[in-house]
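Trainee: To start, I am sharing the structure in question, which I have written as structure tokens.
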Amino acid sequence: MSTTHKPVVRRCVSCTHLKDRTQMLRLVRLASGGLGLDEGFGRSAYVCRSRRCLQDARRRKRIQKSLRIPNHPAIDATLATELDKIERHNQKPGQDSPVG
Ligand SMILES: [Zn+2]
């Protein structure tokens, strides 16, 4: 009995590395014109759940380009929310490293 479950990999829009999709954030351009997060059918863009990739995707509007929706406020808001989660999770007291 061998259950070979092949991981489904997707390419990150920021670092272009292939990763298991369960480790990534998926944004979906819904047929309704809305934005889906980790669910829904439509054109999808994947980004690593890492600060670096989320920041890069946000700055360079990589999700917008990938989904071909240049002006969608929900994308920036979603990336900001995910970044905020990571920031809180990784918060190290006494270690303040400004970036940029
Ligand atoms: Zn990445």
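Only the coordinates and a few stated rules stand behind these numbers; no lab work does. Please read all numbers here as calculations on a predicted model, not as lab measurements. Reconstructed Cβ throughout: ideal geometry from the backbone, glycine too, with neighbour counts over all protein chains shown.
Trainee: From S50, S14, which residue is within 12 Å of the ligand (Cβ to nearest atom), within 24 Å of H89 (Cα to Cα), in contact with an Asp or Glu (Cβ under 7 Å, 6 or more places away or on another chain) and not hydrophobic (A, V, I, L, M, F, W, C)? Explain how you work it out, then say what you get.
Mentor: On the way: S50 fails: in contact with an Asp or Glu (Cβ under 7 Å, 6 or more places away or on another chain).
Selected residue: S14, the only one of S50, S14 that is within 12 Å of the ligand (Cβ to nearest atom), within 24 Å of H89 (Cα to Cα), in contact with an Asp or Glu (Cβ under 7 Å, 6 or more places away or on another chain) and not hydrophobic (A, V, I, L, M, F, W, C).
Trainee: Related question: Output the number of residues of segment 17-35 satisfying the condition of being within 16 Å of R62 (Cα to Cα) and more than 11 Å from the ligand (Cβ to nearest atom).
Mentor: Final tally of qualifying residues: 5.
Trainee: Related question: Just for segment 38-59: of the residues that are over 14 Å from I69 (Cβ atoms) and of a type in the set (A, V, I, L, M), which one is farthest from the chain's Cα centre (by Cα)?
Mentor: L54
Trainee: Give the residue that is farthest from N71 (Cα to Cα), with candidates limited to residues of segment 1-14 that are of a type in the set (D, E, K, R) and part of a strand (DSSP E or B).
Mentor: If we filter segment 1-14 for residues that are of a type in the set (D, E, K, R), which is where we start, we get 6, 10-11.
The next check asks that each one be part of a strand (DSSP E or B); those that pass are 10-11.
Working: R10: 24, R11: 23 Å.
Here the answer is R10.
Trainee: Another question, then. How many residues does segment 1-11 contain that are more than 12 Å from the ligand (Cβ to nearest atom) and under 18 Å from K61 (Cα atoms)?
Mentor: Counting residues in segment 1-11 that are more than 12 Å from the ligand (Cβ to nearest atom) and under 18 Å from K61 (Cα atoms) gives 0.
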